[in-house]
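Notes for the one structure printed next.
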Amino acid sequence: MGVRIKSVGISRDTQSSVENSGRAAKQSLERAGVRPDQVGVLINAGVFRDSNTVEPAVSALIQKAAGIGLEYAKDDPRTFSFDLMNGATGVLNAVQVATAILATGSAEHVLIVAGDGHPSMTRSAATDDFPYATSGAALLLEHTDEPDGFGRVHTVNGEGTPAVEAYVDTATMGSVGRGVMTVVREPDFADRLLSVAIEAARAALAESGHSDLAGTALIASTPTAEFPKQLADALGISQNSVRTPDLADGDPHTAALPQAYDRAVVADTMKEFTHVLFVAAGAGPSAAAVLYRLPAFAGAVA
């Protein structure tokens with residue numbers, strides 16, 4: 001028994017992280033043939049928000065944009081939503097939470113959404129001062145009695161400084177603070193993220209006892225375009241087994257893993273694999289990894 005991906009949704013249609021996440025959520029439901037009232041929980045793992053919104057919870061705004069849980073009569077179904085922000089590892093942390101929820105039978109489906117964008121809502125592509133693309137993604141998860149799905153998520157926290165920091169500089173923001181963000185990446189940030197990613201990935205593989213790396217695809221976060229292939233080399237996974245998101249506009253950040261999975265399934269390049277190793281690494285430095293056993297119908301889940 002476990003938790004598996006029922007469908008995926010993505011959006012790069014707007015410069016709003018809320019709208020992109022909401023559209024991705026809608027797409028995932030449409031692809032799966034699941035009604036909004038069948039979603040018991042929505043978890044938002046996105047970090048960079050429209051206009052640097054603090055309140056209300058952005059998950060509630062995304063839930064509204066997706067048209068989920070908007071009925072208010074006495075016996076109407078309810079959808080609980082909340083933000084779970086842990087940088088690039090947020091989606092895998094949300095998988096941990098979703099697994100616990102679905103194991104209790106308290107929800108039929110859990111919807112994880114992730115999306116980032118510049119708070120000014122005026123650009124879509126990454127730049128030197130803000131190295132993240134504007135986009136959104138959604139993973140619709142369900143419980144299964146089959147042996148498919150996610151194993152245990154392993155997390156690793158590195159030592160020292162955060163490697164990557166993002167903040168609003170209150171000393172200089174003036175009257176435009178809602179539309180600015182400062183991102184600082186240390187010179188060796190990529191090496192430090194790679195180190196914790198390798199440790200988390202090896203832990204996930206070791207606990208599962210999975211040794212068929214030839215049948216394992218690698219999907220990793222993309223703090224640099226080369227990061228997934230560097231990780232593959234360190235783990236002994238073939239470069240041809242690496243699947244990445246569309247990086248034309250830069251790093252999708254929190255949405256990188258679901259976007260890469262969606263891209264691979266849509267392109268029908270997952271048939272040769274039995275498993276996917278998902279690995280995320282970001283500010284902290286921190287990393288998370290989980291081994292996912294692909295369902296027999298993996299080619300149709302997107």
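Throughout, read-outs are computed from the coordinates displayed, never taken from laboratory work. In this text the structure is predicted, and so the values were computed from the model without any measurement. Every residue, glycine among them, receives a Cβ derived from its backbone with ideal geometry; neighbour counts consider all protein chains shown.
Annotation: amide H-H contacts under 5 Å for residue 83 (H modelled 1.01 Å from N, sequence separation of 5 or more, or interchain): 44, 59.
Note the full-extension length gain between residue 267 and residue 178 as 0.36 nm times their separation in residues minus their Cα-Cα distance, in nm to one decimal. Could you put the intermediate results ahead of the total?
Working: separation 89, 0.36 × 89 = 32.04 nm, distance 3.85 nm.
Length gained between residue 267 and residue 178: 28.2 nm.
To the nearest 500 deg cm²/dmol, what mean residue ellipticity at 222 nm is calculated for the chain from DSSP H runs of n ≥ 4 alone, each contributing -39,500 (n - 2.57), summed and divided by the residues? Please report the intermediate quantities before stating the final value.
Values: 6 runs with 79 residues, N = 302.
Helix contribution divided over all residues of the chain: -8500 deg cm²/dmol.
Seen through its C-alpha gyration tensor, with square-root eigenvalues sorted a ≥ b ≥ c, the range 127-256 comes out prolate because a/c lies at 1.5 or above while a/b is bigger than b/c. Exposed loop sites are taken as chymotrypsin sites (Phe, Trp or Tyr not before Pro) in a DSSP loop (any state but H, G, I, E or B) with at most 15 other beta carbon atoms within 10 Å; the longest stretch of the chain without one runs 73-296. Basic side chains Lys and Arg get +1 at the Cβ, acidic Asp and Glu get -1 at the Cβ, and with that the dipole of the range 2-147 about its Cα centre reaches some 160 debye. The range 83-132 and the range 8-63 have Cα centres separated by 9 Å.
Using a cut-off of under 16 Å, list every residue of the range 9-31 whose amide N is near the label point 7 Å from the Cα of residue 120 along the Cα-to-beta-carbon line. Inside the label zone: 15-17. Scanning the chain for trypsin sites (Lys or Arg not before Pro) lying in DSSP loops with no more than 11 further Cβ atoms inside 10 Å, the longest uninterrupted stretch between such sites is 79-270.
Candidate membrane-span-like segments in the chain, meaning DSSP H helices with Cα atoms spread over at least 24 Å of their own axis and a Kyte-Doolittle mean of 0.5 or above, are 189-208, with no membrane implied. Of all the options 163, 25, 225, the one that moves most in a Gaussian network model of the chain with Cα springs shorter than 10 angstrom is 225. Placing unit charges on the Cβ atoms only, positive for Lys and Arg and negative for Asp and Glu, gives the chain a dipole magnitude near 420 debye about its Cα centre. Summarising the strand pairing of the range 2-147, around 65 percent of its internal DSSP beta bridges are antiparallel. Return the percentage of antiparallel bridges among DSSP beta bridges fully within the range 154-297, rounded to the nearest 5 %. Expressed as a percentage, antiparallel bridges in the range 154-297 total about 75. Counted residue by residue at 0.36 nm each, then reduced by the alpha carbon distance between them, the extension gain from residue 171 to residue 104 reaches 19.4 nm.
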